[in-house]
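Here the structure comes first, spelled out in structure tokens, and everything after it is commentary.
The values are calculated or read from the model by the stated rules, or taken from the named source; none is laboratory data. Since the model is a prediction, treat every value here as computed from it, not as a measurement. With ideal geometry, Cβ positions are generated from the backbone for all residues, glycine too; neighbour counts draw on all protein chains shown.
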Amino acid sequence: MKKKFKTLFFVKSSLISLYLALTLPIPFISSHQLKIISLISFVIGLILIVNITSDYVETCNDKISYKTTFMSNLIGNKSWEVSWKDINSINSSPTSQGSRVYYFITFGNQKFLVPQRVENLEELLSVIFDRTRIKTEEMSYISPLWTYKLLTFLSLLMILAEIISFSV
């Protein structure tokens, strides 16, 4: 049975709203000669950020796949897939922020980053356990969800302040 796990909404919204907060004023404050270029750059950047936040995980009875978009591939984030029977273990590594990232380790000693920023992570971890019998209880989101929500909220406040300041 195929299941699809999209990028977590709050991750996507925080990145898009932060992009908007940081770049929205540029077309308005750029010189007359650069307005068109800055507007085109803004739109291209927005398309890019929406595109790279559209990666997803797909599972089925035989394998787990991480599917990236064309733009994600261009910036080095490659798609991958690994058969459930090839997964030997899951190892963890600490991050500089105090969290943990996890890697599938295959019998061929290849490493694949376990996606931790997906909707229904608990269900994905359940599928991983069901298919591999490797314990996943200690695994969770790479960052607490409140951090993404806070970043989205602060970015939206910045956007509101920018709109008010340009309209006054």
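When each of T106, T95, T152 is tested for being at pLDDT 95 or above, touching a strand residue (DSSP E or B) at 6+ places or on another chain (Cβ under 9 Å) and β-branched (V, I, T), the lone residue that passes is T106. The helices (runs of 4 or more DSSP H) falling completely within region 50-168 that include 3 or more residues that are farther than 30 Å from F28 by Cα and of a type outside the set (S, T, Y) map to 121-132. Among residues of region 119-165 being closer than 30 Å to E58 by Cα and among the small types (G, A, S), the one that is surrounded by the fewest Cβ atoms within 10 Å (Cβ to Cβ) is S126.
Taking D55, is it farther than 25 Å from P144 by Cβ, acidic (D, E) and surrounded by 15 or more Cβ atoms within 10 Å (Cβ to Cβ)? So that I can check it myself, show each step before the final result.
Numbers: farther than 25 Å from P144 by Cβ: no; acidic (D, E): yes; surrounded by 15 or more Cβ atoms within 10 Å (Cβ to Cβ): yes.
Taking the combined requirement at face value, the residue does not satisfy it.
Of the candidates K85, K63, the single residue that is closer than 26 Å to G108 by Cα and in contact with an Asp or Glu (Cβ under 6 Å, 6 or more places away or on another chain) is K63. Regarding region 18-40, can at least one residue be identified that is in a helix (DSSP H, G or I), β-branched (V, I, T) and in contact (Cβ under 8 Å) with a residue 12 or more places away in the chain? Yes: region 18-40 contains one or more residues that are in a helix (DSSP H, G or I), β-branched (V, I, T) and in contact (Cβ under 8 Å) with a residue 12 or more places away in the chain. Every test in (1) in contact with a strand residue (DSSP E or B) (Cβ under 8 Å, 6 or more places away or on another chain); (2) surrounded by 13 or more Cβ atoms within 10 Å (Cβ to Cβ) is passed by D62 save one, and that test is (2). Within region 40-50, is even one residue within 11 Å of the chain's Cα centre (by Cα), of a type outside the set (D, E, K, R) and within 24 Å of E119 (Cβ to Cβ)? Looking through region 40-50, at least one residue is within 11 Å of the chain's Cα centre (by Cα), of a type outside the set (D, E, K, R) and within 24 Å of E119 (Cβ to Cβ).
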